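Inspection log for the structure reproduced underneath, given as structure tokens.
The values are calculated or read from the model by the stated rules, or taken from the named source; none is laboratory data. All values reported here derive from a predicted model rather than from experimental measurement. Methodologically, a virtual Cβ is constructed for each residue, glycine included, from the backbone with ideal geometry; neighbour enumeration extends over all protein chains shown. Heavy atoms of the whole protein, side chains included, go into the accessibility calculation; ligands, DNA and RNA do not. Shrake-Rupley method; radii C 1.70, N 1.55, O 1.52, S 1.80 Å.
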Amino acid sequence: MKKGKILSGMRPTGRLHIGHLSVLENWIKLQDEYSCFFFSADWHALTTSFDDTGDIKKNALEMVADWLAVGLDPEKSVIFNQSDVKEHAELHLLFSMITPLAWLERVPSFKDQIQQFKEQGKDILMYGFLGYPLLQAADVLIYRADAVPVGEDQLPHLELTREVARRFNSMYSRVFPEPKALLAKVSSFPGTDNRKMSKSYSNDIGIFLEADELKEKVNSMITDPARIRKTDPGDPEICCVYKFHKLYSPNESESIAEECRKGQIGCVACKKIVFTNMDNSLAEFREKRRQIIARPNYIQEVLADGALKARKEAADTMSIVREAMKI
Ligand code: TRP
Ligand code: SF4
């Protein structure tokens, strides 16, 4: 017996990196406990890429291949493209009639992102961008989801989703549950330069890098800058390599930290160990991805099948919504 319904999604912005793994591992675990819907938010990608749409389809296929390679299972979960389920758009439009403008303007990412893009010389203040969190509310509520696994940065969006559900329910009739957040731990995994891992900083480590590419990434990691000679005592706590040891060398990390502090291990040797452990751990995903993309049209079939299932659920909700609104 499943505990309830879950929905989550990602914008198809490119290949996934290790920073995404904790979110995905959370999704994978939830597959057995909940009835799960996972989607590629291609309409959401348009809010910032409306002038450069050429890669969206390709990115979505790549991202879904990545999902399957790390363990999302189309036998257990419904996996689909947002734009294949038009009901998301219809519900978004109906919600737009009852959502005060001020609710959207006060979502923190609204002003932040406008500013961020302005600095790059791009104006993203379009009608659709303002509506981003409302489209997200429609994504969740169209499946009457009970919970949404998200990172902390998405909490204000989920709060808006709950407010919209409440407003609809009190204005018309009780159609929607108020979905809870299921927070994934560790959302700020460090990149090779110790800042938050992000493609926009070029400090990301792809999950599916070949061994030699991975080695290069590990070698580029920033270590304790005070260490010049191998015998200089180091501070593992400020070293990016050590953070990866904690995750990928759980049995050795204590002794490595000790040797680092005493100046008994050099950074080159230390990186070699972490590389070997990361490589061993990621090899499985790499191999699985190879098998997945070797099957012609497999991803397309998964998405078509997912869209069919998602559409059925979404259509059910829409008939209840139209009846509640008497349209
Ligand atoms: N805004 C999310 C992100 O940037 C993507 C997203 C769109 C989403 N709709 C959603 C996530 C619904 C969870 C539920 O990652
Ligand atoms: Fe970092 Fe390892 Fe060098 Fe210590 S020995 S500074 S943990 S790379």
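Below are the figures for this structure:
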{"quantity": "Loop trypsin sites (Lys or Arg not before Pro), segment 151-183 (other Cβ atoms within 10 Å of the site Cβ: 13 or fewer; DSSP)", "calculated": "ARG174"}
{"quantity": "Helix-only CD estimate at 222 nm, as mean residue ellipticity for the chain, using -39500 (n - 2.57) per DSSP H run (n ≥ 4)", "calculated": "-17000 deg cm²/dmol"}
{"quantity": "The chain pair-distance distribution - Cα-Cα, 20 Å bins, rounded %", "calculated": "28, 52, 18, 1"}
{"quantity": "Segment 26-123: relative contact order in percent, alpha carbon pairs under 8 Å with at least 6 residues between", "calculated": "34"}
{"quantity": "Cα-based Rg of segment 19-127 normalised by 2.2 N^0.38 Å, two decimals", "calculated": "1.27"}
{"quantity": "Linear extension gain, PHE117 paired with ALA304, 0.36 nm per residue minus alpha-carbon span", "calculated": "63.9 nm"}
{"quantity": "Accessible surface, 1.4 Å probe, highest first, among residues TYR242, TYR201", "calculated": "TYR201, TYR242"}
{"quantity": "Dipole axis of segment 208-290 (+1 Lys, Arg; -1 Asp, Glu on Cβ), positive-most option in SER220, LEU247, GLY234", "calculated": "SER220"}
{"quantity": "Rounded to 10°, Cα long-axis angle of helix 56-70 versus longest principal axis of the chain", "calculated": "60"}
{"quantity": "Heavy-atom accessible area order for MET325, MET1, largest first, 1.4 Å probe", "calculated": "MET1, MET325"}
{"quantity": "The chain, accessible area per residue, ligands and nucleic acids excluded (1.4 Å, Å²)", "calculated": "51"}
{"quantity": "Angle between the chain longest axis and helix 108-119 axis [Cα atoms, degrees, rounded to 10]", "calculated": "60"}
{"quantity": "Other-chain or far-sequence residues with amide H under 5 Å of MET197's (modelled H)", "calculated": "PHE189, GLY191"}
{"quantity": "Rg and Dmax of segment 208-290, Cα atoms only, in Å", "calculated": "13.2, 43"}
{"quantity": "Extension gain from ALA102 to ASP193, taking 0.36 nm per residue of separation minus the Cα-Cα distance", "calculated": "28.9 nm"}
{"quantity": "Accessible surface, 1.4 Å probe, highest first, among residues LYS118, LYS215", "calculated": "LYS118, LYS215"}
{"quantity": "Sulfur and carbon atoms: percent of accessible area, the chain [1.4 Å]", "calculated": "53"}
{"quantity": "Loop sites in segment 52-110: trypsin sites (Lys or Arg not before Pro), DSSP, at most 16 other Cβ within 10 Å", "calculated": "LYS76, LYS86, ARG106"}
{"quantity": "Acute angle (nearest 10 degrees) that the helix 21-33 long axis makes with the longest principal axis of the chain, alpha-carbon atoms", "calculated": "50"}
{"quantity": "Whole-Å distance, taken between Cα centres, linking segment 235-297 and segment 1-52", "calculated": "26"}
{"quantity": "Cα centre as origin, Lys/Arg/Asp/Glu Cβ charges: the chain dipole, Debye", "calculated": "380"}
{"quantity": "For LYS180, residues with placed amide H under 5 Å, excluding near neighbours", "calculated": "ALA147, VAL148"}
{"quantity": "Nonlocal amide H pairs with ILE205, under 5 Å, H built at 1.01 Å", "calculated": "ILE18, GLY19"}
{"quantity": "Nearest-10 value in Å² for the accessible area of VAL218, using the 1.4 Å probe", "calculated": "0"}
{"quantity": "Rounded to the nearest 10 Å², the accessible area of ASP212 at probe 1.4 Å", "calculated": "110"}
{"quantity": "Surface accessible to a 1.4 Å probe, VAL268 within the full protein complex, Å²", "calculated": "120"}
